[in-house]
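**Student:** First the structure, which I've put down as structure tokens, then a few questions once you've had a look.
Coordinate-derived values only; no laboratory data. The structure presented is a predicted model; accordingly, all values stated were derived computationally and were not measured. Heads up, the Cβs are rebuilt from the backbone with ideal geometry, glycines too, and the neighbour counts pull from every protein chain shown.
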Amino acid sequence: MKKALFILIALFALAGCQKPQQGQPTMDQRKDIGHKLILKSLGDLQHQDLKSAVIDLETSIRVNPSEPEAYLLLGQILLNVHQYGQAVDFLDMAAKTFPDNGTIFYMLSIANHMDGKKLPAVLAARRSVEIFQSQQDKDNTLKSAALLRDLINTPEEQSPSPKTPGPSSKS
């Protein structure tokens with residue numbers, strides 16, 4: 001009886017030590033898959049396959065929502081194809097996901113400006129400056145400050161045309 005009980009306990013203990021099910025990727029695997037999808041999207045962009053690039057980036061975000069690079073690339077695509085309203089919505093969601101990413105706020109500022117929303121553009125640019133200052137990122141602080149200055153000095157009725165180069169995406 002004791003022998004049978006010991007065997008049952010050993011079997012239950014071993015059952016708890018099994019590897020995760022094959023269908024569920026680990027976090028490292030999810031990060032790797034997400035990164036590969038980002039790289040694939042860059043290749044798609046080089047071949048001017050915008051639709052595939054967007055699909056790859058959306059999939060990357062679903063697989064690994066903790067990687068800001070996919071959000072930045074998809075935001076850039078939306079801006080480049082003049083989908084400013086979509087870019088605002090998407091980048092606003094990305095800013096909530098990554099509240100300390102100055103580049104996302106910089107792009108959100110541009111998207112709002114291009115969508116004709118001056119106050120949200122100014123607020124996003126100001127947040128971008130604050131983030132870069134706190135990170136002691138001098139170059140991007142200056143770029144964000146120049147964008148903020150241009151936004152503040154732009155009359156309400158003037159058509160959007162930001163000329164300030166964007167920050168590097170190292171943040």
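**Student:** List, please: which pairs have Cβ atoms under 6 Å, are six or more places apart or on different chains, and start with a residue in segment 54-69 that is on the phi > 0 side of the Ramachandran plot and of a type in the set (A, V, I, L, M) and end with one that is surrounded by 17 or more Cβ atoms within 10 Å (Cβ to Cβ) and in a helix (DSSP H, G or I)?
**Tutor:** Taking only residues 6 or more apart or on different chains, not a single pair turns up.
**Student:** Give all pairs with beta carbons closer than 8 Å in which a residue from segment 120-135 that is part of a helix (DSSP H, G or I) meets a residue that is aromatic (Phe, Trp, Tyr) and buried (at least 24 other Cβ atoms within 10 Å of the Cβ); count only pairs at least 6 apart in sequence or on separate chains.
**Tutor:** Close Cβ pairs (under 8 Å, with a partner that is aromatic (Phe, Trp, Tyr) and buried (at least 24 other Cβ atoms within 10 Å of the Cβ)) amount to 124/105; 124/106; 125/105; 125/106; 127/105; 128/105; 128/106; 131/105.
**Student:** Moving on. Is it true that residue 67 is of a type in the set (D, E, K, R), over 19 Å from residue 121 (Cβ atoms) and in contact with a Gly (Cβ under 8 Å, 6 or more places away or on another chain)? Talk me through it step by step, then tell me what you get.
**Tutor:** Details: of a type in the set (D, E, K, R): yes; over 19 Å from residue 121 (Cβ atoms): yes; in contact with a Gly (Cβ under 8 Å, 6 or more places away or on another chain): yes.
Yes; evaluated as a whole, the condition is true for this residue.
**Student:** Among the residues of segment 136-146, which ones are part of a helix (DSSP H, G or I) and either free of Cβ contacts under 8 Å to residues at least 24 places away in the same chain or surrounded by 15 or more Cβ atoms within 10 Å (Cβ to Cβ) (or both)? Show your work before the answer.
**Tutor:** Within segment 136-146, the first condition is being part of a helix (DSSP H, G or I), and the residues that meet it are 138-146.
Passing the criteria: 138, 140, 141, 142, 143, 144, 145, 146.
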